[in-house]
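K.L.:
Mind looking over this structure? Questions follow.
Throughout, read-outs are computed from the coordinates displayed, never taken from laboratory work. Values in this document were obtained by computation on a predicted structure and should not be read as measured data. With ideal geometry, Cβ positions are generated from the backbone for all residues, glycine too; neighbour counts draw on all protein chains shown.
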Amino acid sequence: MTRKIRIIPFDMKYLEDYYKYFDEEITKYQWPDPFENIEDARNLLQAFLDEMEKEETLIFAIVNDEERFVGSIEMHAVTDVCPELGVWIIESEQGKGYAFEALKYILEYAYEKYGKTEFFYEADVRNAGSNKLLAKLSNSYEIIALETEELVTDSGKELKLQGNELRRKGV
């Protein structure tokens, strides 16, 4: 039985969980690194919330049926033609379909509220879970793979990022 989740506007009551679970394993194949301290997390999340108030960014908490934080879904550059998507689920909750449900939610939200039909989604080619999400979205979205970009982050992580454009079908 799959547990129910809710996707709700991010609230700072989830700050400690966000900080705690946005760890080395979660960020292994991402540009950002774990936060050095909780104040860094607070500052970044507050900046996202400020951008959300201006309708430039969307940031939602993913919570389970016990109101426990299990991850985050974000959309950056909402005013651009092709906003960027990001999702992460805490390690112990991965593989339960939460990221897919959250992506479906934010894509539908952006379509209904802002008329958005094109999105950018990037994941490291070695991040199997993130890349499986694309296949699940292929019934509703045309997926256009872009060139893989190999780069080294400021902290020395070697990434192989595969960008993808998602275009809503039937519009």
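K.L.:
Students often get this wrong: which residues of region 84-125 have the backbone nitrogen under 20 Å from the point 7 angstrom along Cα-to-C-beta of E158?
P.N.:
Correct set: 123-125.
K.L.:
Need the list of lysines near K169 for cross-linking: C-alpha distance under 22 angstrom, and skip anything on the same chain fewer than eight residues off.
P.N.:
List returned: K104, K113, K116, K132, K136.
K.L.:
Distance between the C-alpha centers of region 104-170 and region 48-85? Whole Å please.
P.N.:
Computed from Cα coordinates, the inter-centre distance equals 15 Å.
K.L.:
What order do you get for 144-153, 108-117 when each peptide is scored by the mean count of other beta carbon atoms within 10 Å, highest first?
P.N.:
Numbers: 144-153: 10.6, 108-117: 14.1.
Going by the mean number of other Cβ atoms within 10 Å, highest first, we get 108-117, 144-153.
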